[in-house]
1. Suppose we filter E124, E59, E51, E118 for residues that are over 27 Å from M1 (Cα atoms) and among the acidic types (D, E); which single one remains?
2. Can you name the residue in the stretch 36-53 that is in a helix (DSSP H, G or I) and of a type in the set (D, E) and, of all such residues, is surrounded by the fewest Cβ atoms within 10 Å (Cβ to Cβ)?
3. Of these, K73, K93, K107, K98, which one is on the phi > 0 side of the Ramachandran plot and out of contact with any Leu (no Cβ under 8 Å at 6 or more places or on another chain)?
4. What residue, among those in the stretch 54-86 that are of a type in the set (A, V, I, L, M) and assigned to a strand (DSSP E or B), is surrounded by the fewest Cβ atoms within 10 Å (Cβ to Cβ)?
5. Is there any pair linking a residue in the stretch 24-40 that is without any contact (Cβ under 8 Å) to a residue 12 or more places away in the chain to one that is of a type outside the set (V, I, T), with Cβ under 7 Å and at least six apart or on different chains, and which?
6. Among the residues of the stretch 6-35, how many are within 19 Å of Q52 (Cβ to Cβ), small (G, A, S) and at pLDDT 95 or above?
7. Select from the stretch 9-35 the residues that are surrounded by fewer than 17 Cβ atoms within 10 Å (Cβ to Cβ) and in contact with an Asp or Glu (Cβ under 7 Å, 6 or more places away or on another chain) and list them in ascending order.
8. Here's a check for you: in the stretch 29-39, which residue that is among the aliphatic types (A, V, I, L, M) and in contact with a helix residue (DSSP H, G or I) (Cβ under 9 Å, 6 or more places away or on another chain) is farthest from P110 (Cα to Cα)?
Amino acid sequence: MKLVATEKAPKALGPYSQGYIYNGVFYAAGQIAINPATDAVEADTIEGQTEQVCKNIGELLAAAGTTYDKVIKTTCFLADMGDFGAFNEVYAKYFTSKPARSCVAVKTLPKNVLCEIEVIAAVEE
């Protein structure tokens, strides 16, 4: 296994890693809307938070040596399923290859954010 870590994405909030590559597949920890430059959640709308989450994912993918078009599967968590449409508007700009996806509403997310996304992506080793 190869550890993937970058200061361009938020540091882990607990006892976990940003991600690992194993057998040509990158497994990323879920990302929330923390701006890694300030270590704070700055956006307060679903659109703004989804943008920050996707930027964070982009940095993790780059650190792993892969890209959005190599994402195989995403798992998305929303604090309110009423945000589904607005979330999808931003999500669709980044995940243009339309990877497999699960999207669920959860009671609460870390730091009371509105969304979290985790990805699994192919890596050319």
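The values are calculated or read from the model by the stated rules, or taken from the named source; none is laboratory data. Fair warning: this is a prediction, and the values are worked out from it, not measured in the lab. Cβ placement follows ideal geometry from the backbone for every residue including glycine, while neighbour counts extend to all protein chains displayed.
1. Exactly one of E124, E59, E51, E118 is over 27 Å from M1 (Cα atoms) and among the acidic types (D, E), namely E51.
2. E47
3. Numbers: K73 fails: on the phi > 0 side of the Ramachandran plot; K93 fails: on the phi > 0 side of the Ramachandran plot; K107 fails: on the phi > 0 side of the Ramachandran plot.
So the residue among K73, K93, K107, K98 that is on the phi > 0 side of the Ramachandran plot and out of contact with any Leu (no Cβ under 8 Å at 6 or more places or on another chain) is K98.
4. Among residues in the stretch 54-86 that are of a type in the set (A, V, I, L, M) and assigned to a strand (DSSP E or B), the one surrounded by the fewest Cβ atoms within 10 Å (Cβ to Cβ) is I72.
5. none
6. Total satisfying the criteria: 6.
7. G24, N35
8. So, considering only residues that are among the aliphatic types (A, V, I, L, M) and in contact with a helix residue (DSSP H, G or I) (Cβ under 9 Å, 6 or more places away or on another chain), the one farthest from P110 (Cα to Cα) is A29.
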